[in-house]
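J.: Below: one structure in structure tokens.
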Amino acid sequence: MLDRSALEIPAINVPSPRSLTTGCKATASNVYHNDPQYSAEKAVDNNEETRWATDSGIKSAWLEVDLGKPVKFSHAIIRQAYPELKRVRKFAIEYGIMTGGLPVIKAGLWAKPKISDLNLLPPDMCV
């Protein structure tokens, strides 16, 4: 039972989980007009006001994020800028480790996008 109205109780700030990709090295196959404002790093800067973008007319592109070490994650969230335009038809999340300078792909996932940020959340941050 409360001793006063619930509206009088101050709200607490609950921070969003930090993505495993935040601040990681990111590279892309194409960047819009080679403009740093749309560079691959913008996909992993944890800022919803920025984004990675490609040149108009690009039909296929890739974004690579180096997590720096093997990590376990249970969820990947992909956010497409302007989802109403339905530009992304499908995507793959491929993961692996580098051996002798070559990636060893362990698995891939193809999906139709629902939602240009890449957020990987560790298992303990997901419900």
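J.: Within the stretch 17-34, track down each residue that is within 14 Å of the chain's Cα centre (by Cα) and not aliphatic (A, V, I, L, M).
T.: Across the stretch 17-34, the qualifying residues are P17, R18, S19, T21, T22, G23, C24, K25, T27.
J.: Does S16 satisfy the condition of being out of contact with any Ser or Thr (no Cβ under 9 Å at 6 or more places or on another chain) and among the polar types (S, T, N, Q)?
T.: yes
J.: Please count how many residues of the stretch 41-81 are hydrophobic (A, V, I, L, M, F, W, C) and under 15 Å from A92 (Cβ atoms).
T.: Adding up the residues that qualify gives 6.
J.: Here is a further query. Is there any pair linking a residue in the stretch 61-86 that is of a type in the set (V, I, T) to one that is assigned to a loop (DSSP other than H, G, I, E, B) and loosely packed, with under 13 Cβ neighbours inside 10 Å, with Cβ under 8 Å and at least six apart or on different chains, and which?
T.: Pairs that qualify, where the first residue is of a type in the set (V, I, T) and the partner is assigned to a loop (DSSP other than H, G, I, E, B) and loosely packed, with under 13 Cβ neighbours inside 10 Å, are I77/I115; I78/I115.
J.: Right, another one. Got a sec? Which strands (runs of 3 or more DSSP E) wholly within the stretch 1-87 have at least 3 residues that are at pLDDT 90 or above?
T.: Filter on the stretch 1-87 gives 25-28.
J.: Taking the stretch 88-104, which residues are modelled with pLDDT of 75 or more and not in a strand (DSSP E or B)?
T.: Answer for the stretch 88-104, where residues must be modelled with pLDDT of 75 or more and not in a strand (DSSP E or B): V88, R89, K90.
J.: Give me the residue from the stretch 39-90 that is surrounded by 17 or more Cβ atoms within 10 Å (Cβ to Cβ) and touching a Lys or Arg at 6+ places or on another chain (Cβ under 6 Å) and, out of that set, nearest to S29 (Cα to Cα).
T.: Taking the candidates together, the pick is W52.
The values are calculated or read from the model by the stated rules, or taken from the named source; none is laboratory data. Computed from a predicted structure; not experimentally measured. A quick note on method: Cβ atoms are made from the backbone with ideal geometry, for glycine too, and the neighbour counts reach across all protein chains shown.
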